[in-house]
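These notes are about the structure you will find just below.
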Amino acid sequence: MTLSHPPEEIGADLILVNGKVVTVDSSDSVAQAVAVKDGRIVKAGTNDEILLLASESARVINLRGRLLLPGFIDSHEHCIRKGMRGDWVDCTSPPMATIDQLVEALAAKASEKEDGEWVVGYGFDETKLTDRRWPTRYDLDNASSRNPIYLGRAGGHNAVANSMALEIAGITKDTPQPSGANIEKDETGEPTGRLDEIVAMNMVRGRIPAPTDEEAVEIMVENWPRVEEELLSWGLTTVHEAHIKAPEALAFQELLKEGRLRLRAGLMLDGMAPYKGYATSDLSRQGIRTGFGWGDKLYVVGVKIGVDGAMGSLTASLTEPYANDPENYGINRVTQEELTEETVRLHQAGNRACIHAIGDWAIDIALNAIEEAVKSDEWEDHRHRVEHAGFVRPDQLERMARLGVAVSASIGFCHPIGDSHIDALGEERLVGYYPMRRFRDHGIVAGGN
């Protein structure tokens, strides 16, 4: 045995036999059995081959013909901050089916609070409501006029605030539109309560009392086991976490130090454009590059920067207008110059750019920035990423392949909110909607989330 097997394969502590083991190798082969040693797969093969590798104390599991898949990698998550929701109101659909039900749930929470205390809800999706419209400030006023209310939309790019919250934020008919965002106003100029993109949302969200960074770390660490258990139940063994600032990074490090991090976590630290994070400068100054890590369970994937908004809420930026809103091309939250400057700096410092770009206009801006970065310095295996890539034109596929760009495709959007995307793009453009086969055919590495 010692002559035919490398030492690292011998002494496996877990053996799984009599299965259909999907290897995801270059030929998509299916094996009978697999050997695991110290938490890592060391070999897949026939039952006889694999049983030879077992240690005397190995655990042997008979799969009895069942399918065995590798652990999944979710290439774009926002999971650790789920532990910060506390007493927020879950307004996702299902079960929420009407605006009246949203109002009822928010009113119930308001009844538990003192006058002036904030009520925060999350996850509503107007395309799943029978009303088929956005809630307004006046709807939320029906939930409470004694409490400021902030209700976030599914996807994280939009929100609605009630009149009291708008007043606290100083948002009136005279408030100018913020750069890279939108405060919706009615025909008389009065704000409707709808806030599109981070700058507008933060005008209200920034007024909500928040825990200190130290308290936030403690809360996220305390609530992580519940979040992690759900991820593991889906077969996920690795997540790439986006929007990581200091509290999130510290929480992950604390979990690792305490031995409570079962998943592997790759961090996308927040850059400046448009997230107002300092990772681009800080990593470069400290000489930290993509791949730096704290063992194999926690490491830096890259720096998250971004261009546009979200498809379902019609803020992803498109070169042709939305099918269901012919005057709307979406929102770009940064200029080409801002994104290019930061992407070039990341590239030259050896750090991967992970660029949020959903619509094809945003993808053009992202690819322009990456092309300038690639020209500026040699880095053969940079794998700069386009995050989401919701609508991709054929010419962009060619360009991605030429530039060596990887894609983190949000195929998880397709089932729960895909109907709203069909409405937004129209039937003719669906050939470019999360084109996973075309990514593969062009040799583009495309993960899913």
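Nothing in this text is a laboratory measurement; each read-out follows from the coordinates by a stated rule. Not measured: the values here are computed from a predicted model. Because the Cβ atoms are built from the backbone with ideal geometry, glycine has one as well, and the counts that use them run over all protein chains shown.
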Dividing the Cα convex hull volume of the stretch 7-70 by residue count, how many Å³ per residue is that?
-> 78 Å³
Going from the fewest other Cβ atoms within 10 Å to the most, one would list R402, R385 as R402, R385
Would you mind ranking L140, L318 by Cβ crowding within 10 Å, fewest neighbours first?
-> L318, L140
Additional length obtainable on full extension of the chain from T238 to T335, 0.36 nm per residue less Cα span = 31.6 nm
Karplus couplings for the stretch 120-129 from phi (6.51 cos²θ - 1.76 cosθ + 1.60, θ = phi - 60°), rounded to Hz, Gly and Pro as x?
-> 10, x, 8, x, 5, 9, 4, 6, 9, 8
Kirkwood hydrodynamic radius (C-alpha pairs) into Stokes-Einstein, the chain, 10 °C and 1.306 mPa s, D in µm²/s | 66 µm²/s
Can you give the FRET efficiency for I422 and D213, using 1/(1 + (r/R0)^6), R0 = 51 Å, r = Cβ-Cβ distance, to the nearest 0.05?
-> 0.80
1/(1 + (r/R0)^6) with r = Cβ-Cβ of L67 and L430, R0 = 25 Å, i.e. FRET efficiency to nearest 0.05, evaluates to 0.25
Note the full-extension length gain between T188 and N368 as 0.36 nm times their separation in residues minus their Cα-Cα distance, in nm to one decimal.
-> 60.8 nm
Determine the relative contact order of the stretch 224-324: mean sequence separation of Cα pairs under 8 Å and six or more apart, normalised by residue count, in whole percent.
-> 24 percent
How do C79, C91, C414, C354 rank when sorted from fewest to most other Cβ atoms within 10 Å of their own Cβ?
-> C414, C79, C91, C354
Calculate, in nm to one decimal, what Y138 and D87 gain on full extension: separation in residues at 0.36 nm each, minus their alpha carbon distance.
-> 16.1 nm
Cα gyration tensor, the stretch 224-324 - rounded (a/c under 1.5), prolate or oblate | oblate
For the pair Y278 and D100, how long in nm is the line joining their label points, each one 7 Å along Cα→Cβ?
-> 5.1 nm
Over all alpha-carbon pairs of the stretch 194-283, lay out the pair-distance distribution in 10 Å bins, whole %, shortest bin first.
-> 14, 39, 34, 12, 0
Could you give the nm distance between label points at A401 and D131, where each point is 7 Å from its Cα heading toward the beta carbon?
-> 4.7 nm
Extent of the stretch 60-191 along each principal axis, from alpha carbon coordinates, in Å, largest to smallest?
-> 69, 37, 29
Which value in nm describes the separation of the simple spin-label points at E327 and R146, placed 7 Å from the Cα toward the beta carbon?
-> 4.1 nm
Relative contact order as a percentage, the stretch 86-205, C-alpha pairs under 8 Å and 6+ apart, gives 22 percent
